[in-house]
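The values are calculated or read from the model by the stated rules, or taken from the named source; none is laboratory data. Here the structure is a predicted model, which means the values were calculated and not measured. Please note: Cβ atoms are built from the backbone with ideal geometry, for glycine as well, and neighbour counts cover all protein chains shown. Note: areas computed on protein heavy atoms with side chains; ligands, DNA, RNA excluded. Shrake-Rupley method; radii C 1.70, N 1.55, O 1.52, S 1.80 Å.
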There are 2 protein chains.
Amino acid sequence: MINLSTIQSIAVIGASNERKKLGYSILKNILDYGFSGKVYPINLKEEAIANLRSYKSVMEISERIDLAVIAIPAPFVKEVLQECVKKTIPLVIIISAGFKETGDEGKKLEIELLQTITHSQTRIIGPNCLGMILAQSHVNASFAANFPSYDPISFISQSGALGTAFLDWIDENDLGIDSFISIGNKSDIDENILLEQLDNQKVIACYLEDIKDGKKLMEIGYIKNQKRPVLVLKPGKSEAAAKAISSHTGSLAGGHVAISTALKQSGYIEVNTIGELFNKIKAFAWQPIPKSNKIAIVTNAGGPAVITTDLIIEKGMRLADIDEKTHALLQEKLPRTANMHNPIDVIGDALSDRYVAAMEAVLQEDEVSALLVLLTPQIMTEIELTAKLIGTMTKYNKPIIASFIGGTLVEKGMKLLAKEKIPAYHFPETAVDVLSSMVWYGDYVKKHETSLVASSQSMYYAASHGYISEKYIEAQRHNLKAFSPNISEQIAKRYNIPVPESSICATSDEALTHISQTVHYPCALKISSPTLLHKSDIGGVITDIQDDNGVRVAFDKLEGIIEHHSIFDAHIEVQPYITDGLYTIIGAQRDANFGVVLLFGQGGIYTELMHDTTTRIAPISKNMTLEMIDETKIASILHGIRGQDPLPLDGIVQTLQAVQDLMLDYPFISSIDINPLIVGKSGSFAVDIKILL
Amino acid sequence: MINLSTIQSIAVIGASNERKKLGYSILKNILDYGFSGKVYPINLKEEAIANLRSYKSVMEISERIDLAVIAIPAPFVKEVLQECVKKTIPLVIIISAGFKETGDEGKKLEIELLQTITHSQTRIIGPNCLGMILAQSHVNASFAANFPSYDPISFISQSGALGTAFLDWIDENDLGIDSFISIGNKSDIDENILLEQLDNQKVIACYLEDIKDGKKLMEIGYIKNQKRPVLVLKPGKSEAAAKAISSHTGSLAGGHVAISTALKQSGYIEVNTIGELFNKIKAFAWQPIPKSNKIAIVTNAGGPAVITTDLIIEKGMRLADIDEKTHALLQEKLPRTANMHNPIDVIGDALSDRYVAAMEAVLQEDEVSALLVLLTPQIMTEIELTAKLIGTMTKYNKPIIASFIGGTLVEKGMKLLAKEKIPAYHFPETAVDVLSSMVWYGDYVKKHETSLVASSQSMYYAASHGYISEKYIEAQRHNLKAFSPNISEQIAKRYNIPVPESSICATSDEALTHISQTVHYPCALKISSPTLLHKSDIGGVITDIQDDNGVRVAFDKLEGIIEHHSIFDAHIEVQPYITDGLYTIIGAQRDANFGVVLLFGQGGIYTELMHDTTTRIAPISKNMTLEMIDETKIASILHGIRGQDPLPLDGIVQTLQAVQDLMLDYPFISSIDINPLIVGKSGSFAVDIKILL
């Protein structure tokens, strides 16, 4: 726990009388924001700063200090930090830049800071940060000259620049804050510590350039996020996407996918742009969460309502149906030419009374979970009065979002809406996007499922552990990056993954014997080698072989390919050729930060092309496995479309669970790729299994 | 041609001294906007209005009248319009509502208006509209109380409400206009007439609830759109999507798809939201068009630059590479800690001089086609000075877009940017979206290909016309909605579509004879019936039959299905079973407004699910056909990915061209659906062909 609520004394190390220095701005901000506790300027040369007695060091001060703010050049920080530790100051904000962000030299300095506080009672925010503002206790320990009022909103920002933009934005939008914390290089205090501690917030927004401990972040989400929405902006998608990949699963479940999956799964609302972040803060701060995705629109213009309807449908929401009673209410109050079906069009000449009648009618309707009010500035439109009256509708305790479309004329109305704590946007698309996040969050809170805690070992572990460990040690000895296909299949079988019968054959005659005994026609021959990951790419798989002659020809061809590519560790494997069924992919990828990412979707060689896949962070329940299946487009094939029979899902569920078990049982497995798992009427078959180490 | 440029006298019919009447507002607007011509109030009762002599009728006025504005109740409009016709007033704006938009009664009144002007020299704008504003001649013939300055921007709006919002928005955004025309019910003058006439515009924006003549709209686009960008917002996507569909092609090429395809193909920039429309107007009005998709970013904050980079990549643009020379320029002017690779980060403490140095360096770089300037309000940031200096960068004649992220502090900077005609947005995502439209348009202008003019008949017409006409008459006689599969195949063959050999067989013995002679194994049997469109849905296709016994079993099964479903017009057809190849779909759908929509994409029974298709409006060249192929995801399969051989494209091109020819030769064909066209190494086969009437 760090102390954010009872700060009663602050030392400003590097406080200055020179206007250009950060230490001047910080001290001034603390004094100007109305902080009622004690303030101690620290400066080696000055006697007094801003009419306060100045000290040479915190050691000169006999009273308790709750917070120190350091704004001196990087090379001198360590020394004053040592004094802060000695003085047992619980919290130190290091504003100074010149650490990790500048390269190796700075990194060394930063590590020294951490060493300084090890085993001490002192915690650090920063270095290289803008500081911290706590509105309730009137602490502005930053060099941002903003003095926000109070609202239960917090912003944790890893970018100081975005912090200044945020503070400027809330100023214009009549919002206050609870806490603004610029975490900078977050060498000690990071997002997780703050997210654990910031309670009683209507909304928390985070800008995170990296995520320090993904598993912890998820754990906090599972515990806390059904109580409060947390918005997360995490940039760097295109960069992550550019990284090299080694398997289907790697390319579909790596990079930013793990982050997005983890955030969503543990109830964080991921946003992609600064506008989204800021606009959504306003709505979550001011309005309740909708109970469903059914929206009512009240408008004085038909065109914008049609556009807005398109967007609502596109975002997976629906227009609420209006029942008889509500319809009667509307007919009583609105002129005959009005549109009394949702969207309710009160028509261009509407005064505020028609808006009120329409809003009351739809808000009392059970089916309606949220209201979107559209207004265009027409000649009769009572913009400001309507804005005020929208504010009175909050008594229905359903979220209300407004879009006053225009410029100068609607500006005052927008300001009044802000006073009434109704989030308003110039364009309806912003309102719809905001609403869709609120609906998503409402849904998450409802069906919120805490992730499983993985049992220490799966049911297959005891029986297979000897075999797998042995093979791993062998693989290590030969410096292999993967198990051979044959061993992968053996492992898969031990985890109850449905693998078709197959055998390694030294000669075509041996293959023919296997075929006549167990495999039967049609069959497939393939090259099996731990070093060859994409055998299709070199023609290493020959399928649909119908007779003995075909086997001989195929065997010769594969031997030729092995020789041509000099694949020294290759064997030839014979398998039944299974065609009847849907090609799916099941995979898992170990992410350094979040753990195991499970993948399911459309399989085959065009998996990456079709990109019909979905992901979860393990461990997940069987129920979540079914949820994954339903998120893909191929779900409708599995459930049977266009006269096709539905396909059994148990093979998919079983394989996903088994892959999860394998990954959790053996941390040395970096990735599993089953592509395809052919799902047919009579069962599923894992036809090609790769286990990377 | 209508007269918009030389209006020298205006009559206001329904002018009034009563403030609440529209006629009062309209007259006042005309007078207040500084119109220098003559103004004639027309009112049955008054002697004088607004210090002007009032007339009972336009007939009382001896001078020429260039424009009449009518604002009296609907039932009286016809009579005064008759007088306008007699007086040969060339242009009449009918503001009055109560026409088509109110139902059958009003529709009758509107038709009477049209009859009144038939064979006259009078043209109508409206009825049910907001009016017209022409900034150059100071005509505000509307009831919108805005007096915009001049800019070469026009807005054609079918929604009066959106018109008021637009005028209010330009007021706040320091934009002027050339023409604002509210076309209302557009009973006479519509978007096409205006788009043909509005020349010398930097940008034209349209809000269209319906498109009156799609072919004409495209024709105008082909002729004019490489000279000026036209933004089109057309709502109603979700409504269009909900309509019933009768074929794969219908579901993938019908509804809003035809509109979007047509707009894109003829160079209109389709936008989906009001915000997009408004924000893009500003950029097109003020900035030149970028020469490529290579963008430079100059920023004082790293985080927002990373987010913006993600968005640029997502929208198909690229960060420009900075060459050695530019790099040296940057190193000379920027501090060592700045990031001298694109995005150029001048760092948080940058004053305006660093911005200038960075902007000049990247703008002189050939590779850079557009500049995006990001600014966050940090403690040293010279917001206003930087804004002014960005304005001086227009000398490089490359588009510059800015995003000043924040609220109150950046507001003044944004205003100054507007003065410099630099489009600026609060959030970078808006800037990126705007830029992507400019890049798209620049690309369109470069590769702009005027659509072909269809020759009156295709090369196949002469030889096939007798047969097809005969079959059509037969089909009509039996009231059939489609040609039977057998006839469809015959027609396809005559148009050189590659159809596999197939025969109708009355008995399984007859089928066996065909198989032994021409079809060979493996083969397929299917039900052929003009009334059965989705034969797979009832199990009407049996594939991969390997031997005589299989044929007999399949034949019996299909006979059973025919009997069970009582399909009286069914036959059984035998065909070779072609499996080796990629399933594609080729189709065409006749759209009432735009003509023939051609479709190509991933085929098979999951076509709608995968939605990997693209469309064009016919006629198109072979070159455009290849462009279509390349727009799909399966293009990479066709071109050969992951070690696969590329597949020949000639069968696709030939079939698309043939389908186009068929649709254009025979207007009675409403839709053609070839699914699948199996594209294999040794050729393509149209395995299932539907021709709907």
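Some values worked out for this structure:
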quantity: Position B:S36, label points 7 Å along Cα→Cβ, spacing to each other copy in nm (shortest first, one decimal); calculated: 6.9
quantity: Point-charge dipole on Cβ atoms (K/R +1, D/E -1) for the protein assembly as shown, about Cα centre, debye to 20; calculated: 3460 debye
quantity: Dipole magnitude of the range B:289-447 about its Cα centre (Cβ charges: Lys, Arg +1; Asp, Glu -1), debye to nearest 20; calculated: 480 debye
quantity: Directionally averaged shadow of chain A, computed from the convex hull of its alpha-carbon atoms, nm²; calculated: 37.8 nm²
quantity: FRET efficiency for A:S62 and A:S36, using Cβ-Cβ distance with R0 set to 30 Å, rounded to 0.05; calculated: 0.90
quantity: Accessible area (Å², 1.4 Å probe, nearest 10) - B:D650; calculated: 100 Å²
quantity: Descending principal axes extents, the range A:130-174, alpha-carbon based, whole Å; calculated: 23, 22, 17
quantity: Antiparallel bridge percentage (DSSP; both residues within chain B; nearest 5); calculated: 50 percent
quantity: Intensity falloff of the range B:289-447 expressed as log10 I(q)/I(0), Debye formula with alpha-carbon point scatterers, at q = 0.11, 0.19, 0.20 Å⁻¹; calculated: -0.37, -1.18, -1.32
quantity: Radius ratio Rg over Rh of the range A:494-639, counting only Cα atoms, Kirkwood formula for Rh; calculated: 1.04
quantity: Per residue accessible area in Å² of the protein assembly as shown, where ligands, DNA and RNA are left out and the probe is 1.4 Å; calculated: 40 Å²
quantity: Protein accessible area in the protein assembly as shown, 1.4 Å probe - carbon and sulfur %; calculated: 51 percent
quantity: For chain A: relative contact order, % (alpha-carbon pairs under 8 angstrom, 6 or more apart); calculated: 9 percent
quantity: Inter-site label distance for A:Y467 and A:Q364 at 7 Å from Cα along Cβ, in nm; calculated: 7.0 nm
quantity: Computed magnitude of the charge dipole of chain A (debye, nearest 20; Cβ of K, R +1, Cβ of D, E -1); calculated: 2000 debye
quantity: Positive-pole candidate from A:A15, A:F35, A:A48, dipole of the range A:1-49, charges at beta carbon; calculated: A:A15
quantity: Degrees, to the nearest 10: A:214-224 long Cα axis against longest axis of chain A; calculated: 60 degrees
quantity: 15 Å beta-carbon shell around B:R477, net charge (K/R +1, D/E -1); calculated: -1
quantity: Theoretical FRET efficiency, 1/(1+(r/R0)^6), r = Cβ-Cβ of B:L693 and B:A592, R0 22 Å, to 0.05; calculated: 0.90
quantity: Globularity ratio of the range A:114-267, using Cα Rg and 2.2 N^0.38 Å; calculated: 1.12
quantity: For the pair A and B, total buried accessible area rounded to nearest 100 Å², probe 1.4 Å; calculated: 5500 Å²
quantity: Test item: B:231-238 mean partner chain Cβ contacts at 10 Å; calculated: 4
quantity: Shielded by partner chains, the range B:299-320 residues - at least 50 Å² of accessible area, 1.4 Å probe, vs chain alone; calculated: B:I307, B:D310
quantity: Separation of alpha-carbon centers, the range B:116-181 and the range A:399-439, rounded to whole Å; calculated: 26 Å
quantity: Dipole-positive endmost among B:L416, A:L599, A:L109 within the protein assembly as shown (Cβ charges, Cα centre); calculated: B:L416
quantity: Mean ellipticity per residue at 222 nm, deg cm²/dmol - from DSSP H runs of n ≥ 4 across chain A, formula -39500 (n - 2.57); calculated: -11500 deg cm²/dmol
quantity: Bridge type composition, the range A:26-157 - antiparallel percent by DSSP, nearest 5; calculated: 45 percent
quantity: Burial ranking of peptide ranges A:75-85, B:562-572 (average Cβ count within 10 Å, highest at the top); calculated: A:75-85, B:562-572
quantity: Rounded Å value of the spacing that divides the Cα centres of the range A:69-90 and the range B:323-374; calculated: 36 Å
quantity: Tensor-based shape of the protein assembly as shown (alpha-carbon gyration tensor, a/c under 1.5 rounded, otherwise prolate or oblate); calculated: oblate
quantity: Span from the the range A:635-690 Cα centroid across to the the range A:189-205 one, whole angstrom; calculated: 39 Å
quantity: DSSP-defined antiparallel bridges as percent of all bridges, the protein assembly as shown, nearest 5; calculated: 50 percent
quantity: Listed residue pairs exceeding 28 Å between alpha carbons, taken from A:K237/B:K202; A:K526/A:K681; A:K415/B:K186; A:K294/B:K186; A:K280/B:K227; A:K21/A:K108; calculated: A:K237/B:K202; A:K415/B:K186; A:K294/B:K186; A:K280/B:K227
quantity: Karplus 3J(HN,Hα) series, Hz, for the range A:20-34 with 6.51 cos²θ - 1.76 cosθ + 1.60 (x for Gly, Pro); calculated: 6, 8, 4, x, 5, 4, 5, 4, 4, 4, 4, 5, 6, 7, x
quantity: Residue (of B:T507, B:N549, B:F668) at the positive-pole extreme of chain B, dipole from beta-carbon charges; calculated: B:F668
quantity: Per residue convex hull volume, Cα atoms of the range B:45-124, in Å³; calculated: 92 Å³
quantity: At least 10 Å² accessible surface lost relative to isolated chain, residues of the range A:388-423 (1.4 Å probe); calculated: A:I405, A:G406, A:G407, A:T408, A:L409, A:E411
quantity: Tilt relative to chain B, helix B:352-363 - C-alpha long axis, 0 to 90 degrees, to 10; calculated: 40 degrees
quantity: Solvent exposure, largest accessible area first (probe 1.4 Å, DNA, RNA and ligands not counted), of A:E573, B:E470, A:E474; calculated: B:E470, A:E474, A:E573
quantity: Residues along the range A:614-633 losing 20 Å² or more of accessible surface when the other protein chains are present rather than the chain by itself (probe 1.4 Å); calculated: A:K633
